[in-house]
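Q: Quick one: the structure is below, questions incoming.
The values are calculated or read from the model by the stated rules, or taken from the named source; none is laboratory data. Note that this is a predicted model, so its numbers are computed, not measured. Positions of Cβ are generated from backbone atoms using ideal geometry, with glycine treated the same way; all protein chains shown enter the neighbour counts. Each accessible area value is taken on the protein alone, full model and side chains, heavy atoms only, with ligands, DNA and RNA left out. Shrake-Rupley method; radii C 1.70, N 1.55, O 1.52, S 1.80 Å.
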Amino acid sequence: MKPIIGITSDIDENGETFLKADYSRAILRAGGLPVVLPAGLEDIEEICSRIDGLLLTGGEDVNPLLFGEEPKRELGKIAPERDEMEIALAKCAIGKDMPVIGICRGHQILNVALGGTIYQHIYSDLEGPLLQHKQQADRNYPTHTVVVEEGSRLSTYVDGNEVLVNSLHHQAVHDIPKPLVVTARAKDGIIEALESKEHKFVMSVQWHPEALSNRGDETSLRLFEGLVEASKQQ
Ligand code: MN
């Protein structure tokens with residue numbers, strides 16, 4: 001049987017649940033069975049007991065109150081209902097050693113769920129010149145390089161120690177809690193990937209592999225195959 005991968009979704013201003021189709025496509029392509037989970041706090045435990053893997057998706061900024069900060073002027077739109085649901089689900093999944101992948105906002109949510117913090121706006125929170133992390137190019141195209149840590153799970157999906165990624169963020173992870181470790185950085189030092197060495201498959205990326213995999217990007221395809229493969233053992 002194909003493993004069921006729960007994919008978190010968003011609510012728009014009309015109150016409608018939505019999700020970019022690329023996430024489900026990426027899971028289908030990798031051999032998993034995608035199930036879209038609406039934001040809301042009902043039945044988290046039961047959802048968590050029925051899925052085999054979890055994909056935390058991209059979206060709005062994370063509510064800074066969740067990591068002990070007041071909102072700065074540069075903070076974008078937040079989604080408190082989604083934050084709560086995703087953090088509860090991430091904690092439950094990690095507690096069961098379920099495979100989890102965090103993408104963009106999901107990478108930040110994973111960090112906050114485990115006790116980490118976020119730069120609310122990298123261009124005012126950090127000194128020095130930074131790269132363009134909110135690319136002007138279409139999201140299917142990679143625009144900056146990341147340097148990958150040797151020995152990481154991520155490195156097994158990359159040819160060499162660098163990979164080109166797309167970039168659609170103005171926030172970034174800041175303090176990294178145990179058991180997460182940094183596995184990739186952009187050339188300006190921004191943390192672009194995390195993983196846990198203490199779990200079967202817990203990893204996150206700041207970029208959008210679901211969009212890159214539309215163009216056959218090998219690293220992105222391997223990332224989703226890795227998640228689905230690990231979820232088969234759940
Ligand atoms: Mn970036």
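Q: Using θ = phi - 60° and the Karplus relation 6.51 cos²θ - 1.76 cosθ + 1.60, list the HN-Hα couplings for the range 68-77 in order, rounded to whole Hz, with x at every Gly or Pro.
A: Karplus-based 3J(HN,Hα) across the range 68-77 equals x, 10, 6, x, 7, 4, 7, 4, x, 5 Hz.
Q: Right, another one. Obtain the nm distance between the two label points defined at residue 1 and residue 50 by a simple spin-label model: each point lies 7 Å from its Cα along the Cα-to-C-beta direction.
A: 1.2
Q: Can you return the lysines within cross-link range of residue 96? Criterion is Cα-Cα under 16 Å, with same-chain partners fewer than 8 residues away left out.
A: Result set, ordered by chain and number: 197, 200, 232.
Q: Another one. Between residue 12 and residue 60, what is the label-to-label distance in nm when each label sits 7 Å out along the Cα-to-Cβ direction?
A: It is 1.5 nm.
Q: Given only helices, namely DSSP H runs of n ≥ 4 each adding -39500 (n - 2.57), what is the per-residue ellipticity at 222 nm of the chain, to the nearest 500 deg cm²/dmol? Spell out each step's value before the answer.
A: Working: 7 runs with 63 residues, N = 234.
The helix-only estimate for the chain comes to -7500 deg cm²/dmol at 222 nm.
Q: Going by average Cβ neighbours within 10 Å, how do the peptides 59-69, 187-197 rank, with the highest at the top? Intermediate values should be presented prior to the final figure.
A: On the way: 59-69: 17.7, 187-197: 20.0.
Most protected by this proxy first, the peptides run 187-197, 59-69.
Q: Please report, to two decimal places, log10 I(q)/I(0) for the chain at q = 0.09 Å⁻¹ as given by the Debye formula with identical point scatterers on the Cα atoms and no solvent.
A: The calculated log intensity ratios at q = 0.09 Å⁻¹ are -0.32.
Q: What accessible area per residue, rounded to a whole number of Å², is obtained for the chain using a probe radius of 1.4 Å?
A: With all protein chains present, the chain gives 44 Å² per residue.
Q: Provide the packing ranking of 33-44, 109-120, i.e. peptides ordered by the mean count of other C-beta atoms within 10 Å per residue, highest first.
A: 109-120, 33-44
Q: Tell me, which cysteines of the chain are without a disulfide-compatible partner by the Cβ under 4.7 Å rule?
A: Singleton cysteines: 104.
Q: Return, ordered by residue number, the residues of the range 152-173 whose backbone nitrogen is under 11 Å from a label point located 7 Å along Cα→Cβ of residue 130.
A: The answer is 169-173.
Q: Quick one: Cα centre-to-centre distance for the range 1-40 and the range 130-167, in angstrom?
A: The range 1-40 and the range 130-167 have Cα centres spaced 23 Å from each other.
Q: Karplus couplings for the range 187-195 from phi (6.51 cos²θ - 1.76 cosθ + 1.60, θ = phi - 60°), rounded to Hz, Gly and Pro as x?
A: The phi angles translate into 6, 8, x, 4, 6, 10, 7, 9, 7 Hz.
Q: Additional query: Which helices count as membrane-span-like in the chain under these terms: full DSSP H, at least 15 Å along the axis by C-alpha, Kyte-Doolittle mean of 0.0 or more?
A: Membrane-span-like by this rule: 218-231.
Q: Please state the charge dipole magnitude for the range 1-151, taken about the Cα centre, from unit charges on C-beta atoms (+1 on K and R, -1 on D and E), reported in debye and rounded to the nearest 20.
A: Around 540 debye, computed over the range 1-151.
Q: Which Cα, out of 79, 58, 38, lies furthest along the positive dipole direction of the range 33-97 (beta carbon charges, K/R +1, D/E -1)?
A: Going by the charge dipole, the pick is 58.
Q: Still on this structure, please answer the following. Using amide H atoms built 1.01 Å from N in the peptide plane, name the residues 5+ places from residue 169, or on other chains, whose amide H lies under 5 Å from its own.
A: Under 5 Å from the amide H of residue 169 lie the amide H atoms of 134, 135, each far enough along the sequence or on another chain.
Q: Another question about this same structure. Carbon and sulfur: what percent of the chain's accessible surface (1.4 Å probe)?
A: Details: 5030 of 10350 Å².
About 49 percent, which is the carbon plus sulfur part of the accessible surface.
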